[in-house]
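Just so you know, all these numbers are worked out from the coordinates, no wet-lab data involved. Every value quoted in this text rests on a predicted model; they were computed, and no experiment measured them. A quick note on method: Cβ atoms are made from the backbone with ideal geometry, for glycine too, and the neighbour counts reach across all protein chains shown.
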């Protein structure tokens, strides 16, 4: 009986690694759970897309097309911090051309405790870009056009990453002088002279890491501003 009690006690003291074993993006994990899982290094990887993830993408972020196929893409596993001082499980689909670079950048951001609120696949939001941006989600691949046009976005090839999207909106001044803002709830964050959480600018670590790795920042564009957006320079 005593041995049974000890076994039960030991079982209850084991850290919960299920969010990592099943890679449940959005869940929080403890340092003890990460250690039991195999350590921080094991939590960062760029690999072929698992079958379960691929099924989740169908008809949402992925639609049949002649430009990009499953083998062109990679699934990134990563942890990230937020202002709550907790580690969160994240995932991202990217083009295999940039997969290792993006995984390395996400690890550097993690090591610096850079705040990223959410890192979920857009499929969680039914690939609705407005919806995921209002939720401040960070993501990459989604087979879609550029906002307000019929031209394919670099997101459609998995070559562009959006970080902390609510606080770093897309802004374009129309010919009639009005502004198109995406997400529509981000108007308070269009004034880049203000200080607020998650803000990306030229002094920001995220800006420095992505631009050093060969990406351009949408915040430097002249005809429009896309403060959340980093895309590969081709």
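Under the simplified labelling scheme, the residue 179-residue 65 pair shows an inter-label distance of 2.9 nm, with each label point 7 Å from Cα along Cα→Cβ. Here residue 145 and residue 96 are evaluated by their C-beta separation; at R0 = 30 Å the FRET efficiency comes out at 0.85.
Once the Cα atoms of helix 99-111 and of the chain are each reduced to a long axis, what angle between those two axes, in degrees from 0 to 90 to the nearest 10, is obtained? On a 0 to 90 degree scale, this one is about 70.
The modelled label-to-label distance between residue 187 and residue 31, using points 7 Å beyond Cα along the C-beta direction, is 4.4 nm. Relative to the longest principal axis of the Cα atoms of the chain, helix 2-13 runs at roughly 10 degrees. Kirkwood's formula applied to the C-alpha pairs of the chain gives a hydrodynamic radius of 18.7 angstrom.
Across all Cα atoms of the range 171-234, the radius of gyration (one decimal) and Dmax (whole number) stand at 12.6, 37 Å.
Please work out whether the range 62-166 counts as rounded, prolate or oblate from its C-alpha gyration tensor, where a ≥ b ≥ c are the square roots of the eigenvalues and a/c under 1.5 means rounded, while otherwise a/b larger than b/c means prolate and anything else oblate? It would help to have the intermediate numbers written out before the result.
Values: a/c = 2.25, a/b = 1.45, b/c = 1.55.
Taking the square roots of the gyration eigenvalues as a ≥ b ≥ c, the range 62-166 is oblate.
Packing here is the average count of other Cβ atoms within 10 Å per residue, and on that basis the peptides 198-209, 168-179, highest first, run 198-209, 168-179.
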